[in-house]
Structures are given as structure tokens and as C-alpha cells.
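Undergrad: A single structure is presented below for examination.
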Amino acid sequence: MEIGYDEPLKAYNTFGFEAHHKGIIRVTDEGMINEVIEQKLSPIKILGGGSNILINNDIDAYILKNEIKGIHIVSEDDTDIVVKVGAGEYWHSLVMWSLSHGLAGLENLSLIPGSVGAAPMQNIGAYGVEQDLAFDSLEAIHLLTGTKKIFMKDECHFGYRDSIFKNELKDQYFITHVSYQLKKKNYTLHIEYGAIREVLQSKKIDSPTIHDVSEAVIEIRKSKLPDPKYIGNAGSFFKNPVISASKYKLLKGQFSDLPSYPIDDDHVKVPAGWLIEKAGWKGHNQGHVGVHHLQSLVLVHFGHGTGAEIKGLALQIQSKVKDIFGIDIVPEVNFW
Ligand code: FAD
Ligand code: NAP
């Protein structure tokens, strides 16, 4: 087992920040996790593609970089296929694999960066679909005991950009494999998000296929989101807040253009990007960091900056949004 004591971290997080650490270990199979535990290398941090972390300190831990690969069909019937996927597979590769096999379920989640193992962590979602819709189960290894556990869907407590692994079980398990149940037929397409409908209409596609939906999502994402290859970012920095219907009514009186999406009879979701833009932050530059000019929910690193600068900017934005709207916006990104 090799330990990269001096290996730079910059290339392994999409913000592009550097930090000291105790060593980076590339984990290519489950046995290596047990080896790390036996050698008492601790504490441990688990790294996938680094597309949802903000490094704002040196890291007093060994970093296990997940590189467990493989996509295997474990069961199949007339309508469904269950695939077990190595958690170090690139998420978008799994989506492309499913499309190439004509399997539905992941098409709306095209082009999300990062690894399969991190997908259940925050129950990744986009364009009206979250990964739990296709999730079957996952395998994980406890980082203290080395014991393997299978988590079924109801044990993962999936929510909006949330799961048990971001809360009660934070930093306790290494997710090694995730299984998804994908559909051969009898599936519903999710094309209710305005942007998807617009792209399909512009292409005069009345009866879209899973491929059409995936291509539409890829087109929209490429047109709006900064590519971390060129400009450091971790996607949406904040979650969309959910507020009470009464609070929404009050705000709507003040801000007639305030968008909203109903959650239930008593709650609505308000786009955090709109709040940030309305508070005057869209396109704001502050030294080495800033707010993206096309998408206010994305904080960006122009180079030569630090995670602390992003954290500082995020705090200013949170405070301004609270002052104007009385709403707390909460980071989606994991602080390291
Ligand atoms: P990392 O950033 O490496 O890790 C994230 C957290 O998960 C860390 O706390 C880490 O310790 C933990 N973790 C990672 N792997 C494991 C494992 N195997 N076992 C246990 N813990 C683990 N997210 C969305 O939900 N929807 C989007 O549409 C979306 N779009 C994005 C667009 C851009 C341009 C970017 C940069 C990010 C976007 N994201 C989106 C955020 C991000 O891509 C996802 O959260 C992704 O799942 C993170 O994967 P990762 O492998 O990079 O995780
Ligand atoms: P958008 O289309 O500009 O819409 C802004 C927000 O409104 C979205 O965040 C979305 O909430 C919500 N929304 C829009 N249409 C909706 C509908 N029909 N029903 C319910 N909610 C609706 O959003 P965007 O920023 O370009 O992102 C598009 C999708 O990709 C979103 O689902 C977003 O979550 C996802 N995305 C996520 C990240 C990330 O890092 N997490 C980064 C980029 C894009 P939801 O976010 O709850 O869907």
C-alpha cells in the first residue's frame, strides 16, 4: 500500500485548493480499507472526485481516494436490471453505460461530476430526479471496525440533498459499492423542468427518449454551468431553502417576482440562486473568488485563492440574504 505523503491535493478537488495532509492512499479494492484500519492509519477522510468539498484548512487526516471500479449486472427480469457499481466509478460514466444499454432511470442526472460512491451521500439530484428513485442498496465498510454492512434504501434516510451519511453516520463508513435498479421498459420520463421542455420543443421532439432527455440535460448544463476544468467551483454552493407557505405569502407581497415550487400544502421551495441574485451578488468578484455571472448559486475560484476566501464570501452572502429576506440559506458543499 503506497502512501502519497507529498502528493498535491489541488488536482483532486474541483475548487482547486491546496492543503497539507497526512498522506493520500488510492483505494482500488475493499481489502485496502481493512489494511488501513489494521495499520491504525487515522483519522481518515474519504475522497471521491472532490466536486462537493471546500478545503478551507489543512487536513489532519489520511485521505482515502476511492478508485474502486466495475459495473456488474446482478439480476435481471423482463422489465428491470439491478447493477452493482464500484463506488470509484465516475457517475457520468454510469449514466452513459445505462443509456448505452437502453436502461432508464438516470438520464436526468447526466453530467453530474464526481463518483458513484458520493451519489448517495447527498442523494444527488437534478431536473426533478434524485438518485434514490433508482437506488437499490449500497455496501459500506465501517472505518473503525472494518465490518461490512449492506444498507437498504429505507436505512439511508434519503432527503433533499441529504442522507444518513451526511448526518448520524458522517465520516463513519466507506461506501464501496452502490446498486441501482434500472428500467428496460414501463418507465416514466421526467421532463417537467422548464429548461428541459424548452430544449425538447426547440428540437421539435414530441415523444422524447431517454437519450433525448440526457442530451437536453447535457446541453443545458454545458450552457449554464462553469466547467471546473477552467474555473474552480463545486456546483451549487447552497441548498434551496424550504419556507412556510405563510412566510412565502408575506415575501411575495414584497417581491412579486419571487419564484416558488410547492413542497406540500404548508411549505414551498424558493430558489437560493434567485435570492442571491436579488441580493446583488450575481457576477460579484472579490479578489480570487466570486459568484458566477450566469448562475448565482455557484461560487467560483479564479485561481491563487484559498478555501477560506470562499468561506468568507459564503458567510457574507448568507448574512445579506438573511437581512433582506429573513431566510437562512445553508451550504450544500461539505467543509473540509
Ligand atoms: P467528493 O466531493 O469527493 O465528496 C463529497 C463528500 O462525500 C465528502 O464529504 C466525502 O468524504 C464523501 N464521500 C465521497 N465518497 C465517499 C464514499 N465512497 N464513502 C463515503 N463517503 C464518501 N450535485 C447534485 O446533487 N446535482 C447536480 O446537478 C450537481 N451538479 C454539479 C455541477 C458541478 C459543475 C459541480 C462541480 C458539482 C455538482 N454537484 C451536483 C455536486 C457534486 O458533483 C456531487 O455532490 C457529487 O456526488 C460529489 O461526488 P464526488 O465524488 O466528487 O464527492
Ligand atoms: P434552474 O432551472 O435555474 O431552477 C432554479 C431552481 O428552481 C432549481 O434549483 C430547482 O430546484 C428549482 N426548479 C426549477 N424548476 C422546477 C420545477 N419544475 N419543479 C421544482 N423545482 C424547480 O436550476 P439550475 O441551477 O439551472 O439547475 C438545474 C438542475 O440541476 C436543478 O435540479 C439543480 O438542483 C441541478 N444542479 C445542481 C447542482 C448542485 O451542485 N447541486 C449544480 C447544478 C445544477 P432543485 O435544485 O431542487 O431541483
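The numbers here are math on the coordinates, done by the rules we state, and not lab data. Predicted model only: the values in this text are computed from it and were never measured. No Cβ is skipped: glycine too gets one built from the backbone with ideal geometry, and neighbour counts run over all protein chains shown.
Undergrad: Residue by residue through the stretch 192-207, note down the ones that are without any contact (Cβ under 8 Å) to a residue 24 or more places away in the chain and either within 16 Å of ligand 2 (Cβ to nearest atom) or in contact with an Asp or Glu (Cβ under 7 Å, 6 or more places away or on another chain) (or both).
TA: Gly194, Arg197, Glu198, Val199, Leu200, Gln201, Ser202, Ile205
Undergrad: Using beta carbons and a limit of 6 Å, which pairs, at least six apart or on different chains, have the first residue in the stretch 40-59 and buried (at least 22 other Cβ atoms within 10 Å of the Cβ) and the second one polar (S, T, N, Q) and assigned to a loop (DSSP other than H, G, I, E, B)?
TA: Close Cβ pairs (under 6 Å, with a partner that is polar (S, T, N, Q) and assigned to a loop (DSSP other than H, G, I, E, B)) amount to Gly50/Asn13; Gly50/Thr14; Ile53/Asn13; Ile55/Asn13.
Undergrad: State all residues of the stretch 272-291 that are within 16 Å of ligand 1 (Cβ to nearest atom) and out of contact with any helix residue (DSSP H, G or I) (no Cβ under 9 Å at 6 or more places or on another chain); if no residue qualifies, say none.
TA: Gly273
Undergrad: Select from the stretch 225-240 the residues that are of a type in the set (A, V, I, L, M) and under 18 Å from His304 (Cβ atoms) and write down the one among them that is nearest to ligand 2 (Cβ to nearest atom).
TA: Once the filter is applied, the top-ranked residue is Ala234.
Undergrad: Ok, one more. Looking only at the stretch 207-254, count how many residues are buried (at least 18 other Cβ atoms within 10 Å of the Cβ), of a type in the set (A, V, I, L, M) and more than 27 Å from Gln316 (Cβ to Cβ).
TA: 5
Undergrad: Here is a further query. For the stretch 260-315, give me every one of the strands (runs of 3 or more DSSP E) that falls completely inside it and has 1 or more residues that are closer than 22 Å to Ala245 by Cβ and free of Cβ contacts under 8 Å to residues at least 12 places away in the same chain.
TA: 261-264
Undergrad: Determine if the stretch 158-179 includes at least one residue that is of a type outside the set (Gly, Ala, Ser), over 20 Å from the mean Cα position of the chain (by Cα) and within 13 Å of ligand 1 (Cβ to nearest atom).
TA: The answer is no; no qualifying residue exists.
Undergrad: If you don't mind, there's one more thing I want to ask. Within the stretch 185-204, can you find the residues that are farther than 16 Å from Asn108 by Cα and either charged (D, E, K, R) or surrounded by 16 or more Cβ atoms within 10 Å (Cβ to Cβ) (or both)?
TA: Lys185, Lys203, Lys204 - these are the residues of the stretch 185-204 that are farther than 16 Å from Asn108 by Cα and either charged (D, E, K, R) or surrounded by 16 or more Cβ atoms within 10 Å (Cβ to Cβ) (or both).
Undergrad: Can we say Ile164 is more than 22 Å from Ile263 (Cβ to Cβ) and either touching an Asp or Glu at 6+ places or on another chain (Cβ under 8 Å) or surrounded by fewer than 21 Cβ atoms within 10 Å (Cβ to Cβ) (or both)?
TA: The answer is no for Ile164.
Undergrad: Only residues that are under 23 Å from the mean Cα position of the chain (by Cα) and in a loop (DSSP other than H, G, I, E, B): list them for the stretch 189-212, please.
TA: Hits for the stretch 189-212 are Leu189, His190, Ile191, Glu192, Tyr193.
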